[in-house]
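Written below as structure tokens is the structure these notes are about.
Any read-out appearing in this document is the output of simple, stated calculations on the displayed coordinates, not a laboratory observation. All values reported here derive from a predicted model rather than from experimental measurement. Every residue, glycine among them, receives a Cβ derived from its backbone with ideal geometry; neighbour counts consider all protein chains shown.
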Ligand code: KIV
């Protein structure tokens, strides 16, 4: 078992201490980030963009994810390892169970699925079989072709109402964590208060129970040279990667990141 478990994350939410999550794809960074105090290492399918150079996460396979989870597991010093189920890896019940088994056996402690209320069915199935699941709501990059781009979600009243209802339904279905990407801060705050499970934000303001960033973005390594509004470069002013990782953890815990300039209004 890692030092950080689901119980740890629930206690952090209850005590009000923020959860620091960072994406991670290899053993060396897993070692450095977990040593710096990152609570959760997310082996995100963002690896399709930052490691493989694709223009979306859609080409990433379960085999890619399993390879990177196994690498992260070897370097990890006690963080909880969360892994993305990649595009279409949870399209059917059979695929969901088979692919979750592959990723849990590779070393993950929790799986993440992108979607909305329809995730209740796979999440219930996973919970019954002992696999903790995190539901990713808001901007869900695997659906970029439906969303028409990487845009803030939940600005319209009807969308916001639906996201709140989905969050509650997914908690009831057995989700252990929620991740909200690019949603107005006020909506993220309401959702975080409405559920008992930890809510992690990226571009969702400072009132969620924790934060996540893509490792390469927070180290100032954006491929395009242009970072999204919600990113802060933690390498700025630091003389080592270890110092930048510690600065990120401290800023999340002290709630100095994200600031208003990294957040979206309704
Ligand atoms: O794949 C990923 O890195 C993610 C984060 C953007 C939250 O899902």
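A few notes on this one:
- A simple spin-label model places pseudo-atoms 7 Å from Cα toward Cβ; at residue 128 and residue 11 they are separated by 3.2 nm.
- Label positions at residue 259 and residue 240, each projected 7 Å from the Cα along the C-beta direction, are separated by 2.6 nm.
- Inter-part distance where the stretch 1-59 and the stretch 146-191 are each reduced to a Cα centre, Å: 21 Å
- Share of alpha-carbon pairs per 5 Å distance bin for the stretch 204-257, given as whole %: 4, 20, 31, 25, 16, 5, 0
- Rough spin-label spacing in nm, given labels placed 7 Å along Cα→Cβ, for residue 155 and residue 223: 2.6 nm
- Footprinting exposure proxy ranking of 98, 262, 136, fewest other C-beta atoms within 10 angstrom first, gives 98, 262, 136.
- Derived value for the stretch 1-100: Kirkwood hydrodynamic radius 14.2 Å. Basis is the mean of 1/r over every pair of different alpha-carbon atoms.
- Dimensionless Rg over Rh [the stretch 35-153; C-alpha; Kirkwood]: 0.95
- Among 199, 43, sorting on how many other beta-carbon atoms sit within 10 Å of each Cβ, with the fewest leading, yields 199, 43.
- Computed over the chain, the quotient of the alpha carbon radius of gyration and 2.2 N^0.38 Å is 0.91.
- Order of 64, 217, 45, 3 under a 10 Å beta carbon neighbour criterion, fewest first: 3, 64, 217, 45
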